[in-house]
1. Considering only residues that are of a type in the set (Val, Ile, Thr) and open to solvent by 20 Å² or more (accessible area, probe 1.4 Å), look in region 255-274 and name the one that is nearest to TYR52 (Cα to Cα).
2. Taking only pairs six or more apart or across chains, which ones have beta-carbon atoms under 8 Å, a first residue in region 47-70 that is closer than 22 Å to PRO177 by Cα and open to solvent by 70 Å² or more (accessible area, probe 1.4 Å), and a second residue that is assigned to a loop (DSSP other than H, G, I, E, B) and among the charged types (D, E, K, R)?
3. Taking the criterion of being assigned to a loop (DSSP other than H, G, I, E, B), under 19 Å from MET49 (Cβ atoms), touching a Pro at 6+ places or on another chain (Cβ under 8 Å) and among the hydroxyl-bearing types (Ser, Thr, Tyr), would at least one residue in region 174-181 satisfy it?
4. Working carefully through the options GLN74, GLN34, GLN24, find the one that is surrounded by 12 or more Cβ atoms within 10 Å (Cβ to Cβ), at pLDDT below 95 and outside any loop (DSSP other than H, G, I, E, B).
5. What are the residues in region 48-64 that are of a type outside the set (Ser, Thr, Tyr) and farther than 19 Å from TYR234 by Cα, if any?
6. Does region 77-118 hold any residues that are open to solvent by less than 70 Å² (accessible area, probe 1.4 Å), free of Cβ contacts under 8 Å to residues at least 12 places away in the same chain and closer than 21 Å to THR163 by Cα, and which are they?
7. Confirm whether ILE132 is within 20 Å of VAL209 (Cα to Cα), part of a strand (DSSP E or B) and under 17 Å from the mean Cα position of the chain (by Cα).
Amino acid sequence: MRKVSYKTSFALLIILFLSSCQSQKLTRNTSAKQNKNITHIYLIGDSTMADYTGNYEPGKDYMKVRYPITGWGQVFQPFFLKDSLYSLRPGITTDSVTIIDRAYGGRSTRTFFQEGRWRYVYEHLKPNDYVIMQFGHNDGSEKHTERYVNIDGYKEFLRLFITQTRQKGGNPIIVTPVARNYPWKEGKLENIHGDYWLAPIDIAKEMSVPYIDLNKLSMEYFTKKGQDFTSSHYFMNLPAGMYEAYPGGQRDNTHFQPEGAKVIAAIVYKEFKNILKTQKK
């Protein structure tokens, strides 16, 4: 009896051990699967889209040297809470979305490519990820020859980003350059971007890419709010002595304060959501 009992007990231990191993393996596989169940949204563009926190300027404290300047990409992640992702179907079917903001100040399509910033995005892109691209502010700046790109070159670099995004199985989305806080005429904010507003739309239609006309939408939104409110609440027009980074104040009608960045991020999210609803999976 003791012999049988010993063998039985030993067999039970083996079964329990194998069961435990199988359970751990299943847990590891499930965990790995969950980690892969993420959609990445890459943001590429200029300072109006950039995230100034973290490692934007290595070794420097954002709150001391930059705040309150805020790119709209910096406040884009909160729109993608897990309990709201169902509303993004069928464009996004994963249970998590991570925003990867690679936009950087002063970059045009050309310099973004030449400096290897696009290469990082291309190498990390996975199938079904998204690339939202917003350039134009620096491409059209003729006085800054180090960043300037003529219209033909601007279009060609957009084609490159779109083509290579698709090569990796990703989804490109074009965004026209966000409005600057000038010129105002008879209470209405007007376009400052010239043909650099319409060129991205031309490429979007040429290559069948969804686009967000952020220039038009932001001009309309700011016009409704009025010049005074827009200038003081949304753009970097700051009084002296209020912020450590700008002791003498600031006059900047291109970059956003946090409130302005959130407004633009909300506009982009709404349009992005509409695009996803029309996608076929």
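The values are calculated or read from the model by the stated rules, or taken from the named source; none is laboratory data. Please read all numbers here as calculations on a predicted model, not as lab measurements. Glycine gets a Cβ as well: all are built from the backbone with ideal geometry, and neighbour counts include every protein chain shown. Ligands, DNA and RNA are stripped out before the accessible areas are found, and what is left, the full protein with its side chains, is counted by its heavy atoms. Shrake-Rupley method; radii C 1.70, N 1.55, O 1.52, S 1.80 Å.
1. Step one: list which residues in region 255-274 are of a type in the set (Val, Ile, Thr), which gives 263-264, 267-268.
Those left that are additionally open to solvent by 20 Å² or more (accessible area, probe 1.4 Å): 263, 267.
Working: VAL263: 17, ILE267: 20 Å.
Result: VAL263.
2. The qualifying pairs do not exist here.
3. Within region 174-181, one or more residues are assigned to a loop (DSSP other than H, G, I, E, B), under 19 Å from MET49 (Cβ atoms), touching a Pro at 6+ places or on another chain (Cβ under 8 Å) and among the hydroxyl-bearing types (Ser, Thr, Tyr).
4. On the way: GLN74 fails: at pLDDT below 95; GLN24 fails: surrounded by 12 or more Cβ atoms within 10 Å (Cβ to Cβ).
Just one listed residue meets the conditions, GLN34.
5. First, the residues of region 48-64 that are of a type outside the set (Ser, Thr, Tyr): 49-51, 54-55, 57-61, 63-64.
Scanning region 48-64 gives GLY54, ASN55, GLU57, PRO58, GLY59, LYS60, ASP61, LYS64.
6. Residue satisfying the conditions is GLY116 alone.
7. yes
Residue-wise test of (1) at pLDDT 95 or above; (2) in contact with a strand residue (DSSP E or B) (Cβ under 6 Å, 6 or more places away or on another chain).
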| site | (1), (2) |
| --- | --- |
| MET242 | yes, no |
| HIS255 | yes, yes |
| ALA265 | yes, no |
| TYR269 | yes, no |
| LYS273 | yes, no |
| LYS277 | no, no |
